[in-house]
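Report on one structure; see the data block that follows.
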Amino acid sequence: MCGASPRLHLVVSLSSVLALAGCAGDDGGTAVATDPYVPTTGGTGGGSTAGTGGDGTGGDTAGSATGPSTTSSGTSSTTGTASGGDSTGGTTGGGEPDVPTDIPYCQPVVDWDPSWAAREEAIVELVNMYRAQGADCGQYGWMGPASPLVMQPNLRCAARVHSKDMADRGFFDHVNPDGEDPFDRMMKAGYSFFTAGENIAAGNDTAEATMQQWMNSDGHCRNIMNPDFAEIGVGYYPGGQWGHLWTQTFGG
């Protein structure tokens, strides 16, 4: 029996991608639907979406939200941005907890399997590898080298909460069934920002395969390479109908 099909989404810059891979030995292919998520102009939490679906090539049909996307500078983007206050500081390392332990919203994701955390750290390493060398983001052109991102505990909390929520409640979107969007999650996790974004993916069990999905999507690539971002949070959670859920949150 084949495993769950990999899926993908992005925000800021919210844009989304869905990759559906066939099982080994069959004729399945991959499908990608690129969909931006747009927060309300100048807001830190609101957003609006319009829905369409994307067809798979040799695979399944994927559906997700689409709409125009803007950055804080007003330029077109597949990753949504939001205005906020100063970025809240603090990084992991040196024996500090992965996520804040004094914020109720983060309590469900404080006790985390070390192997899950290792996958999250691997994503950050790969992100910074791409940022160090620059990348071709398709319709957005060549994006030159950018400063490395630092794993930030509050952003990591928001990312973990979303990955777990998607697995537990069986949905795949930037906005959960309660209407909570990425910027709501960041604020509930205690993070404030000038600009922010989110990528989500599902189906692959390794950091390498998931990063390849994101880098093969122009909008997700642009989020990863965005020089305006300085911090990142990553959340990995196994389970649900897709088997593996991944979220990247970005802030600056």
(request) Please arrange Thr247, Thr210, Thr195 by counting, for each residue, the other beta carbons lying within 10 Å of its beta carbon, fewest first. (result) Thr195, Thr210, Thr247
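At most 14 other Cβ atoms within 10 Å and a DSSP loop assignment: could you name the chymotrypsin sites (Phe, Trp or Tyr not before Pro) in region 130-183 that fit?
On the way: sites: Tyr130, Tyr140, Trp142, Phe171, Phe172, Phe183; in loops: Phe171, Phe172.
For chymotrypsin sites (Phe, Trp or Tyr not before Pro) across region 130-183 that sit outside H, G, I, E and B with at most 14 neighbouring Cβ atoms in 10 Å, the list reads Phe171.
In nm, what is the difference between 0.36 nm times the number of residues separating Gln133 and Glu180 and their Cα-Cα distance? Kindly include the intermediate steps, with their values, before the conclusion.
Details: separation 47, 0.36 × 47 = 16.92 nm, distance 3.49 nm.
Net length gain for the segment: 13.4 nm.
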(request) Hey, can you grab everything whose amide H is under 5 Å from the amide H of His244? Only 5+ residues off in sequence or another chain; H modelled, so Pro and N-termini drop out. (result) Gly203, Gly239
(message) Apply the a/c threshold of 1.5 to the C-alpha gyration tensor of region 207-252 and tell me whether it is rounded, prolate or oblate.
(response) oblate
(message) What are the ³J(HN,Hα) couplings of region 128-140, residue after residue, when phi is run through the Karplus curve with 6.51, -1.76, 1.60 and θ = phi - 60°? Round to Hz, x for glycine and proline.
(response) 6, 5, 5, 5, 5, 9, x, 8, 8, 9, x, 4, 8
(message) Using 0.36 nm times the number of residues separating Thr206 and Ala118, minus their current alpha carbon distance, what extension gain do you get?
(response) 30.6 nm
(request) With label points built 7 Å along Cα→Cβ from the Cα atoms of Thr101 and Trp142, find their separation and express it in nm. (result) 4.8 nm
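Laboratory data are not the source of any read-out in this text; all were calculated from the coordinates shown. Keep in mind that what you see is a predicted model, and the values were worked out from it rather than measured. Cβ: placed from backbone, ideal geometry, glycine included. Neighbour counts: every protein chain shown.
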